[in-house]
């Protein structure tokens, strides 16, 4: 199995402050003043400790029935990652986190009954996690492209096509202990402002025609998923992110 790649020091706060997160995610139109205050809190109090880890687990043999993938280091059932053409050679698993401080600050604001500011800070944290996800995906895409490989698909444990019960295997494959991200008894990530990503890796993989949002009941009226900036490929800014 490829060694764990650990990323630290990514300036996702700059990405958010400079508007690199889609407006539908940032909700800048509705929370502008509170959002500015929340960003100032993050910046002035040094609340961020963004870090990520990822690893590509090689596929052992061919995909099995019902989308079971025997990987070097674990086993996942992810039928959506099995391509209609091309050759799947492995699975990239990533785990990323903003650290615990921002969640503690949100909780403190709720305790102090500063509810509006707490909600704004929670929204900013989600923007930052979105920006971190894009940075990590860009880095993975560039690294794999240099090896002649591509990525396709994007799943997170709990999505249709990847059960929540897959979370322990995903964290093990990604090497999440290296950045001190663990699972709670309900299979949620701790620290809370964390996420995981699973993507197919291979040769001549077709452009995906599905989205992890396809089965959501609110998809048709969702401002985020219908924002062109959200739907754009992470590799669009990959070379900049990798430097």
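Each value in this text was obtained by applying a stated rule to the coordinates, not by laboratory testing. The structure presented is a predicted model; accordingly, all values stated were derived computationally and were not measured. For neighbour counting, all protein chains shown are included, and Cβ atoms are generated from backbone atoms with ideal geometry for every residue, glycine included.
Before moving on, here are some points about what is shown:
- Relative contact order of segment 1-128, defined on C-alpha pairs under 8 angstrom at six or more residues apart (%): 31 percent
- Look at 136, 115, 6 and count the other Cβ atoms within 10 Å of each Cβ; fewest to most, that gives 115, 6, 136.
- Between residue 100 and residue 209, the FRET efficiency from the beta-carbon distance, with R0 = 51 Å, is close to 0.85.
- Remark: spin-label model distance residue 72-residue 58 equals 0.4 nm, labels positioned 7 Å along the Cα→Cβ axis.
- FRET efficiency for the residue 110 to residue 183 pair, using the beta carbon distance and R₀ = 22 Å, is estimated at 0.35.
- Highest to lowest packing among 201-208, 157-164, scored as the average C-beta count within 10 Å: 157-164, 201-208
- Shown for 45, 17: other C-beta atoms within 10 Å of each C-beta, ranked fewest to most, produce the order 45, 17.
- Full-stretch length increase - residue 40, residue 190 - with 0.36 nm per residue and alpha-carbon distance subtracted: 51.5 nm
- Going from the fewest other Cβ atoms within 10 Å to the most, the residues 62, 193 appear in the order 62, 193.
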